[in-house]
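Written out below as structure tokens is the structure these notes cover.
Please treat every number below as a calculation from the coordinates, not as lab data. Computed from a predicted structure; not experimentally measured. Methodologically, a virtual Cβ is constructed for each residue, glycine included, from the backbone with ideal geometry; neighbour enumeration extends over all protein chains shown.
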Amino acid sequence: MLKRSEICRPKLLLSALVRGAALRTYVGRRKLATGAVAVLTLVVGYHVVFGHNGLTVYQKKRHVASELEGQLRDLRLKNERLKEHVDRLGSDPNAIEHQAREELHYTRPGEVIYTLPNQPAQGDETTQKK
């Protein structure tokens, strides 16, 4: 007749083998999950930096926005100057006269306008031959 301890040993041995296999499976799955999380982290990090709306695109958009704000500021100043000029033309006869003389070459009675030719470019060959 077999003793109780002899009957239990194979069960204990089998139980230890099952536990060892389960532990190896657990460790393997844990390594696989850690690797998957690392790969996912790298993919998300790459997308955050270089993706469609990543940091590099964001920096470019900020630079363009600051340039556009500068252009807008310049256009607003130019608009204010032109509004002031229009107001002066509407109310100041001297401003109207000045504008007419500059753009339309108007004169007062008895005045003569002398128009000088434009200075030729320095690299022009016709001026060097003379």
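The slack between residue 78 and residue 19, meaning 0.36 nm per residue of separation minus the straight C-alpha distance, is 13.0 nm. In summary, segment 25-130 shows an alpha-carbon radius of gyration equal to 2.61 times the 2.2 N^0.38 Å reference for compact globular proteins. Converting phi to 3J(HN,Hα) with the Karplus coefficients 6.51, -1.76 and 1.60 and the offset θ = phi - 60°, segment 18-25 yields 5, 5, x, 5, 5, 5, 5, 5 Hz in sequence order, with x at every glycine or proline. Can you list which of the GluC sites (Glu not before Pro) found in segment 24-130 are DSSP loop residues with at most 11 other C-beta atoms within 10 Å? Answer by residue number: 111. On the basis of the beta-carbon distance and an R0 of 25 Å, residue 91 and residue 69 show a calculated FRET efficiency of 0.15. Rounded, prolate or oblate: which fits segment 52-107 when a ≥ b ≥ c are the square roots of the eigenvalues of the alpha-carbon gyration tensor, with rounded for a/c under 1.5 and prolate only if a/b beats b/c? Prolate, because a/c is 1.5 or more and a/b exceeds b/c. Computed from backbone phi, the HN-Hα couplings of segment 98-103 come to 4, 5, 5, 5, 6, 8 Hz, rounded to whole numbers (Karplus: 6.51 cos²θ - 1.76 cosθ + 1.60, θ = phi - 60°; Gly and Pro given as x).
If the chain linking residue 52 and residue 31 were pulled fully straight, counting 0.36 nm for each residue of separation and taking away their Cα-Cα distance, it would gain 4.4 nm.
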